[in-house]
Amino acid sequence: MPAVAVAAPRGMLVPVDGAILGIETSCDETAAAVVVEGREVRSSVVSSQVDLHARFGGVVPEVASRAHVELLTPVLAQALVEAGVDGPELAAVAATCGPGLIGSLLVGVSSAKALAMAWGVPFVAVNHLEAHLYASLLEAPDLEPPLVVLLVSGGHTMLVLMEGHGAYRLLGSTVDDAAGEAFDKVARFLGLGYPGGPAIDKVATGSDPEAIRFPRAMIGEGFDFSFSGLKTAVINHVRRHPDAGTADVAASFQAAVVDVLVDKTRRALHATGATAACLGGGVAANSLLRERFAAACSEDGVRPFVPSRAMCTDNAAMVAAAGWWRLRRDGPSPLDTGATAGLRLPVIG
Ligand code: KG4
Ligand code: ZN
């Protein structure tokens with residue numbers, strides 16, 4: 001029988017031994033992973049639905065939920081077999097309970113609860129944004145809070161000060177589009193296909209990032225972001241200059257996004273005095289952002305940590321890692337915990 005965690009007294013962490021099965025189905029990746037004590041990844045299986053949604057130019061929620069239903073069982077089986085672990089040996093089953101597409105979330109949450117009950121192990125509900133924060137700590141366990149994390153995904157863009165485990169301060173977030181959303185919308189307009197981020201990243205390589213000077217909204221002020229004006233500026237530019245080279249437009253757009261993201265991270269580091277900074281979320285897979293983020297932090301005497309690309313985009317290893325910390329802090333989640341599409345990162349203040 002695995003050690004079953006109980007809620008820790010405030011501020012304390014209860015030891016949890018063993019492996020956690022993580023399940024991620026918040027959007028268009030069906031993923032399962034087994035991670036030991038928040039650090040050692042025994043298996044991490046990700047089945048992407050990208051090809052299913054590509055013909056629609058974006059994720060179709062109903063198609064995504066149905067695909068999760070079909071894909072989750074084989075993905076789970078592979079994760080357990082690769083890890084060499086049987087369900088009842090697990091310390092817990094953790095699943096993303098939000099934010100995300102409600103139908104997709106429900107597939108993962110319901111499966112996790114059913115498995116936890118059948119195996120007699122605890123269930124842990126994990127916030128997807130918290131999981132992205134823990135991706136860096138999974139790959140660099142020596143990183144210690146306070147940390148500044150730039151979390152940039154398809155649905156979110158935020159600067160978070162991680163003061164301790166489970167203690168987050170939201171420094172800034174987007175007032176309109178998320179960075180990944182801007183990549184996806186601009187790529188669609190430029191005819192580069194879906195998903196837009198990797199397409200722009202690829203076409204921008206070797207092109208001129210200074211060909212067009214697109215606006216850098218809200219640069220140099222506060223920690224909030226705005227990307228919707230930039231998207232409109234790209235559209236207006238291409239309409240006015242139909243001969244503009246697509247690769248140069250893409251490179252100039254990418255440079256504008258990265259300039260703002262790096263500038264705000266630097267400001268956050270100066271304001272908080274944090275000595276390390278991490279990247280997280282799908283947009284953190286962007287080549288220019290990875291390079292510029294690391295260079296800016298090093299220049300400012302701060303330790304940068306840029307997770308592997310596989311750990312930036314949605315995966316279940318980060319869910320299992322965040323689940324391990326959550327279980328140590330709060331104990332198991334009640335089995336009536338639901339899925340919440342608009343779940344927010346729990347923040348202090
Ligand atoms: O974190 P994620 O996998 O899913 C969400 O939680 O949203 O992020 C997906 C987002 C998409 O908008 C995708 O276009 C973007 O991450 N993305 C990238 C790159 N790879 C993925 N954006 C820019 N450059 C990339 N290489
Ligand atoms: Zn994500």
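The values are calculated or read from the model by the stated rules, or taken from the named source; none is laboratory data. The model shown is predicted, which means the values in this text are computed figures rather than measured ones. Because the Cβ atoms are built from the backbone with ideal geometry, glycine has one as well, and the counts that use them run over all protein chains shown. Remember, those area values only see protein heavy atoms, side chains included, never the ligands or the DNA or RNA. Shrake-Rupley method; radii C 1.70, N 1.55, O 1.52, S 1.80 Å.
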*Dipole of the stretch 1-133, positive direction: furthest Cα of Pro122, Gly18, Ala33, with charges on the beta-carbon*: Pro122
*Pull out the extension gain between Glu70 and Glu299, defined as 0.36 nm times the separation in residues minus the alpha carbon to alpha carbon distance; nm, one decimal.*
77.7 nm
*asked:* For the stretch 259-308, what does the accessible surface come to per residue with a 1.4 Å probe? Please give it in Å².
replied: 35 Å²
*Assigning unit charges at the beta carbon (Lys, Arg +1; Asp, Glu -1) and nothing else, what dipole magnitude in debye, to the nearest 20, does the stretch 44-195 show about its Cα centre?*
420 debye
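Magnitude of the Cβ-charge dipole of the stretch 145-307, K/R +1 and D/E -1, about the Cα centre, nearest 20 debye? Display every interim value, and only then the final one.
Working: 15 positive and 17 negative charges, 25 e Å.
The calculation lands at about 120 debye.
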*Grab the eigenvalues of the alpha-carbon gyration tensor for the chain, scale each by 5, take roots, and send me the semi-axes largest first in whole angstrom.*
35, 24, 16
*So what J values fall out for the stretch 137-154 if you push phi through Karplus, 6.51 cos²θ - 1.76 cosθ + 1.60 with θ = phi - 60°, rounded to Hz, Gly and Pro as x?*
5, 5, 8, 10, x, 7, 5, 10, x, x, 10, 9, 10, 9, 9, 10, 10, x
*Name the lysines eligible as straight-distance cross-link partners of Lys185: C-alpha to C-alpha under 24 Å, and not fewer than 8 places from it in the same chain.*
Lys202, Lys231, Lys264
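Report the Stokes-Einstein translational diffusion coefficient (µm² s⁻¹, integer) for the stretch 145-307, Rh taken as the Kirkwood radius over Cα pairs, at 37 °C with viscosity 0.692 mPa s.
Details: Rh = 15.7 Å.
It comes out at roughly 208 µm²/s.
For the chain, with only Lys/Arg (+1) and Asp/Glu (-1) charged at the beta-carbon, what is the dipole magnitude about the Cα centre, in debye rounded to 20?
Working: 26 positive and 36 negative charges, 109 e Å.
For the chain, the charge dipole is close to 520 debye.
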*Of the options Val160, Ile200, Met218, report the single residue whose Cα projects farthest towards the positive end of the charge dipole of the stretch 150-227 (beta-carbon charges: Lys, Arg +1; Asp, Glu -1).*
Ile200
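Compute the length gained on full extension between Ala341 and Arg213: take 0.36 nm times their separation in residues and subtract their Cα-Cα distance, giving the result in nm to one decimal.
Value of the extension gain: 42.4 nm.
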*What is the set of long-range amide H partners of Arg303 at a cut-off below 5 Å, with H atoms built 1.01 Å from backbone N?*
Ala276, Ala277
*Please list the non-local residues whose amide H lies under 5 Å from the amide H of Gly164, H modeled 1.01 Å from N, same-chain partners needing a gap of 5 or more.*
none
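Tell me the carbon and sulfur percent of the accessible area for the chain, rounded to whole percent, probe radius 1.4 Å.
Numbers: 7670 of 14020 Å².
So the carbon and sulfur contribution to the accessible surface is 55 percent.
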*Could you order peptides 66-77, 181-192 by the average number of other Cβ atoms within 10 Å of their residues, highest first?*
181-192, 66-77
*Calculated from backbone phi, Karplus (6.51, -1.76, 1.60) coupling profile of the stretch 311-319 in Hz, x at Gly/Pro*: 7, 6, 7, 4, 7, 9, 5, 5, 5
*Karplus (6.51, -1.76, 1.60) ³J(HN,Hα), θ = phi - 60°, over the stretch 240-253, in Hz, Gly and Pro reported as x*: 6, 10, x, 8, 4, x, 4, 5, 5, 5, 4, 5, 5, 5
*So, in Å, what gap is there between the alpha-carbon centers of the stretch 246-311 and the stretch 101-126?*
34 Å
_In Å², and per residue, what accessible area does the stretch 58-157 have when probed at 1.4 Å with the other protein chains present?_
34 Å²
*If ligands, DNA and RNA are left out, what is the accessible area of Phe56 with a 1.4 Å probe, given in Å² to the nearest 10?*
110 Å²
